[in-house]
Structures are given as C-alpha cells and as structure tokens.
Amino acid sequence: MAVMERNATCRSVGRASGEGHAPGADPNAPPNADPNAFTDRFLARLRAEDQPSTALAAAGEGPWTVVPNGHGRWAVFREGESYAFGDAPAALFDERYQALLAAAALPGAAGRGALRLEGRRLPGGYSVTDGRRTVGRLAWFDPDLVGDLAALLAIVSSPRSLALLLAAAGHDALERAGRILARRLGEGDGSQTG
C-alpha cells in the first residue's frame, strides 16, 4: 500500500511540476511512473517491432552493483554485499566500464550452456541448438562465437544487464547508436529499414 501511495504521489508531483514526461512526449499525457532515457514515441516504435524470445527470460542471479574499491579499482558485488560486510567482490577491474560489462554479463554466466554448437557438419553448416531444437547454423566450427552469442542473449534478456552494457558504452557510442536505431525505426525520414 505504501508503494502505491508513493507512486501516486510521484505521479501527481510530476504532473504538477511538468516532470515525468520524456522529451518530445505529449505534456498532457500522464507521466511515466519511472523515468526512462527513451522517449514515449521511441518506445512506441520499438513496441511495433517483433518482440525477441529473450524478452521473457529470467534476469538471472544478482542484481550486481559496481563500486570503487578505494584503491583506484572497481569492484563488482551482488546487491547487498560489500567490503563492509567482509564480502569479496565477484570481479575487480582497473576501469569502471570493464566492471560494468562484468556486472552486465554475470547474470547470464550460469546459462552460457543455453546454446550449443554441434560437432558434426551437416549440409548447410554446423547446427547451433538451444537444447531442444536447432536455432541456427554456422558455416564454420566456432564454439567461441556461440559462447559470445549466448552471453549477448543473456544480456539482452535482462533489462538491468542491458542498462549496465549501455552505461559501459559511454556517451559518444550511445549518441551514435541512438541515431542508428532511430533511422532503423524510420524516425528520421518516415521509412523503416532493417
């Protein structure tokens, strides 16, 4: 009940102050309960796209947090763990973006076996399976590529992991990616391209 009251208060405060609307959104529309880096128009365009099967996958273990370790490095802890409680970090990196990438990848680490590359070449290539069925084929035998694909699938299956990946990318990469995605969704010229 307290959460509902807090959310209602946030919405009414946002409405009164003009906050809670994404840039370019209808100012008369109710504000989003949670702030979002993407505009309502952009999200509506994404909703029109086919939803990937990964969207329903569990986020995995975690969530993971990235904190400075006090010695110029960046530690990755499961939320609720810290040096103060005597916990050891799951990972430790020199650069923040590296720690963010580890935090993004950790939830899917246990599920890396979700994709397998079959060792026998068939007509059309080597089969990539998800344990139940063939989901793709590769022209060459490359288990590292299948492992990378499994890691990427794990990241896009978890909004939190995807947000960490985006944070690790930095401003310039996000700005360019935003332009590419807007063009792909046809926001610039009214056409949609793949």
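The values are calculated or read from the model by the stated rules, or taken from the named source; none is laboratory data. Only a predicted model underlies this, so the values are computations on that prediction, with no experimental measurement involved. When we count neighbours, we look across all protein chains shown, and the Cβ atoms used for this are built from the backbone with ideal geometry, even at glycine.
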Exactly one of A151, A177 is surrounded by 13 or more Cβ atoms within 10 Å (Cβ to Cβ), in contact with a helix residue (DSSP H, G or I) (Cβ under 8 Å, 6 or more places away or on another chain) and within 22 Å of Y97 (Cα to Cα), and that one is A151
Residue check: is G72 outside any strand (DSSP E or B) and at pLDDT 90 or above? yes
Any residue in the stretch 44-73 that is farther than 14 Å from F93 by Cβ sitting within a Cβ distance under 7 Å of a residue that is modelled with pLDDT under 80 and loosely packed, with under 14 Cβ neighbours inside 10 Å? List the pairs, counting only those 6 or more apart or interchain. G60/A110; E61/A110
How about the stretch 134-184: which of its residues are among the small types (G, A, S), touching a Gly at 6+ places or on another chain (Cβ under 9 Å) and closer than 21 Å to T39 by Cβ? A182
Taking the stretch 105-164 only, how many residues are free of Cβ contacts under 8 Å to residues at least 40 places away in the same chain, of a type outside the set (D, E, K, R) and more than 25 Å from A177 (Cβ to Cβ)? 19
